[in-house]
Structure formats: structure tokens, C-alpha cells
Amino acid sequence: IDIRKQLIKALSDADGEFLSGQTLAEKIGCSRTAIWKHIEELRKDGFILEAVRNKGYKIINTPEDLTESDILFGLETERFGRNIHFYESVESTQKVAHQLAHEGAPEGTIVVSEEQRTGRGRLGRSWSSLPKKGVWMSMIVRPVLPPQKAPQFTLITAVAAANAIGEVTGLHPEIKWPNDILINGKKVVGILTELQAEADKISSLVIGIGINANHDVEDLHESIQGKATSLYIEKRKKISRAQLIQTFLKDFEKYYGIYLDKGFAPIKLLWETYAISIGKVITARTVTGEIVGRALGITDEGVLKVEDEHGTIHEVYSADIELSD
Ligand code: BTX
């Protein structure tokens with residue numbers, strides 16, 4: 001028998017009532033020691049369980065659920081994530097965040113939703129955002145900078161996300177320029193940086209990040225099966241989305257601070273440690289056409305340099321990249 005599964009079910013079915021170790025043991029047909037051992041295991045895996053003497057156990061939260069207080073409790077940042085707009089379902093957190101930014105929401109404001117009905121990617125593409133499976137979040141950032149700097153924020157975000165995933169799961173994510181994070185060659189994160197600008201300065205950036213966290217293989221939409229993955233699929237362990245968000249926000253705040261102090265160069269170095277496309281032959285599909293060549297690296301501005309077969313070096317500002325070798 002799968003004690004763990006039955007234990008989770010019994011505790012979840014209890015509807016907020018305490019269940020004693022004895023009751024649980026009888027229900028499942030195992031020893032009280034086994035119950036106790038499995039309770040400890042669940043705690044390690046991010047379940048929050050309350051234990052009261054003579055009453056027993058009650059489940060407070062499973063790692064499958066996410067609430068605003070889960071995000072706040074234990075958050076180590078100063079500004080990012082301090083102002084949270086939390087939803088069960090929205091069309092797109094980007095849309096909500098743009099509205100908030102327009103109304104003057106402060107830097108560090110985040111919008112998180114358990115589900116997005118019309119999550120969006122770049123260039124009018126869609127982003128699949130199943131309920132409770134992932135991190136679907138947008139943040140408002142207000143750097144005092146010219147609009148041309150906006151693309152660098154996609155790279156800062158990618159570094160923070162790759163780092164946070166490594167910290168939380170021990171997995172080794174890789175970044176595909178500009179906005180994909182892959183594990184074992186499959187997309188696990190998408191980043192969308194959108195800009196509200198006045199003439200020559202950014203008034204706000206709305207940075208959207210989607211992280212596939214607890215999807216099982218069958219949860220991935222058929223159109224992305226084979227191309228996409230989740231942290232759970234790769235790690236075979238449920239991920240605490242609250243911990244993932246907290247770690248990401250802490251990392252983002254740190255790298256953003258470094259960027260404001262010292263410019264893009266230190267971020268570029270970090271970015272390169274995660275980059276997979278560099279040195280490889282790629283096809284870059286831009287709005288104006290295709291460039292095939294070797295990816296040389298990124299400039300200090302975050303622009304991709306590609307050398308074609310004639311030795312001409314192209315600077316690519318925005319494209320979809322396909323690796324050919
Ligand atoms: P993108 O245009 O680079 O990638 C979109 C493409 O990725 C889709 O066309 C599809 O092939 C594939 N795809 C769609 N959904 C998924 C998924 N869940 N996992 C892996 N691959 C997928 C990437 O755009 C930017 C995505 C940003 C998503 C965040 S979520 C919070 C915020 N709100 C919102 O509406 N978008 C952002």
C-alpha cells in the first residue's frame with residue numbers, strides 16, 4: 001500500500017479536523033510509527049502540518065496550493081513582492097499588472113494568479129497556464145533608464161530565474177537567448193518583458209514570468225509536449241511554488257541592485273554561465289528574416305552577436321533561436 005498517498009488523502013478529506021496517529025494508522029492499516037515517519041517526510045516536502053498533543057494532525061497547506069501569505073511568510077526581499085495582487089484566475093497577469101502600473105503601483109508590485117485563461121507569450125503567442133501547476137506572475141519594475149535598456153531586463157530576469165531554480169531544486173537550468181529557460185533541452189520557463197515608456201524614458205516595465213512547476217507529463221498541452229517540461233517532471237518531486245517565488249524575488253532584487261550599481265557587465269558574466277546557445281550554430285528568426293550562423297555571445301547591451309558563413313557579424317535584438325548543432 002502507498003501509505004503516503006493514503007495519508008495525504010485522509011488528511012485532506014478531514015476538512016480541517018484533527019486526526020490522531022491512531023485513527024490514521026487504523027484507517028490506512030499501518031503502524032503509528034509509519035504514520036509518524038511519513039508525516040516527517042511530508043513536512044520535508046513542503047507540506048505544512050499542525051500537530052497537537054492528544055488531538056493529532058491537521059493539514060494546513062499542501063505544496064500544491066499557493067496563497068498570498070505563503071509568498072509573504074519568509075520573504076527576504078525589501079521591495080519585490082511586498083505588494084502582492086493575488087488571484088485565483090485572470091486572463092493574464094500581464095494585463096492586470098499593466099493596469100496597476102498605469103495607476104501608479106510602486107516598483108516591486110507583483111501580480112500572481114493560480115490560473116491564466118489567456119496567458120500570453122511573445123508576438124501574440126499563447127502561454128499555457130494551468131490552475132495551480134505553475135508560477136504565473138508579473139512584476140512592476142521602474143528603472144530610471146532609457147527604453148533601449150528594456151531588453152536587458154529579460155536577461156536579468158532569466159539569470160534570477162535560472163539561479164532560483166537551481167537553488168530550490170538542485171537542477172541545472174540553461175538559458176536560450178533571449179527569454180527561454182530549458183532543462184534537458186526542454187522549455188520550463190518563459191519570460192515576457194513589456195514596456196510603458198514616455199518619449200526617452202521607461203515609465204514602467206511589466207516583466208512576466210511563467211514557470212512550469214508541478215505539471216505531470218499529461219498536464220502539458222499536446223501542442224508543447226516534447227518541447228516543454230516542468231520542474232516536477234525533471235525532479236520527480238513536488239515543488240513549493242511559494243519557495244520558488246520567494247527565491248526568485250530575492251535573486252531578482254539582488255541582481256537588479258547589482259545592475260543599477262555596476263551596469264550590465266556583471267549580469268552578462270552570470271548570464272554566460274547559464275547560456276547554451278553561445279558557440280553553437282543557430283538559426284535566428286527575426287521579423288525581417290532569418291540569420292544562420294554561429295552565436296558569438298552577447299554584447300554589453302545584451303544584444304546577440306551572430307557570425308554568418310561569410311564572416312559578417314550581425315547584431316540580433318529580438319528573435320527566436322533554433323539550435324542546429
Ligand atoms: P514565447 O513567445 O517565447 O513562447 C511561447 C511559446 O512557448 C508558445 O507558442 C508555445 O509553443 C510554447 N509554450 C506555451 N505555453 C508553454 C508552457 N507552459 N511551457 C512551455 N512552453 C510553452 C514566452 O513566450 C513568454 C511567456 C511568458 C508567460 C508569463 S506567465 C505570467 C505572465 N502573464 C502572461 O500572460 N504572460 C507572462
Cα radius of gyration and Dmax for the range 3-61 (Å): 10.0, 25
Principal semi-axes in Å for the range 113-268 [√(5λ), Cα gyration tensor, largest first]: 26, 17, 13
Whole-Hz ³J(HN,Hα) from phi, Karplus 6.51 cos²θ - 1.76 cosθ + 1.60, for the range 128-136, glycine and proline x: 6, 9, 5, x, 6, 8, x, 9, 10
The range 61-83 and the range 15-52: distance between their alpha carbon centers, rounded to Å: 25
19 Å Cα-Cα reach of Lys55 towards aspartates and glutamates, excluding residues that sit fewer than 8 places from it in its own chain: Asp13, Asp15, Glu17, Glu26, Glu40
The range 66-202, Cα convex hull volume normalised per residue, Å³: 119
Distribution of pairwise C-alpha distances over the range 57-144, 5 Å bins, in %: 3, 14, 22, 22, 19, 12, 5, 2, 1, 0, 0
log₁₀ of I(q)/I(0) at q = 0.23 Å⁻¹ - the range 176-279, Debye sum with one point per alpha carbon: -1.38
Taking the C-alpha atoms of the chain, convex hull volume expressed per residue in Å³: 148
Which listed pairs, of Lys27/Lys238; Lys187/Lys237; Lys227/Lys268; Lys27/Lys235; Lys201/Lys254, have C-alpha distances above 20 Å, in listed order: Lys27/Lys238; Lys227/Lys268; Lys27/Lys235; Lys201/Lys254
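Ratio of the range 281-323's C-alpha Rg to 2.2 N^0.38 Å, to two decimals?
Output field value: 1.01.
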Rounded Å value of the spacing that divides the Cα centres of the range 131-159 and the range 264-325: 20
Neighbour net charge for Ile181 - beta-carbon separation under 11 angstrom, K R +1, D E -1: +1
For Ser126, distant residues with modelled amide H under 5 Å away: Gly121
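Values in this text are rule-based calculations from the coordinates and carry no lab data. What you see is a predicted model; the values in this text were computed from it and never measured. When we count neighbours, we look across all protein chains shown, and the Cβ atoms used for this are built from the backbone with ideal geometry, even at glycine.
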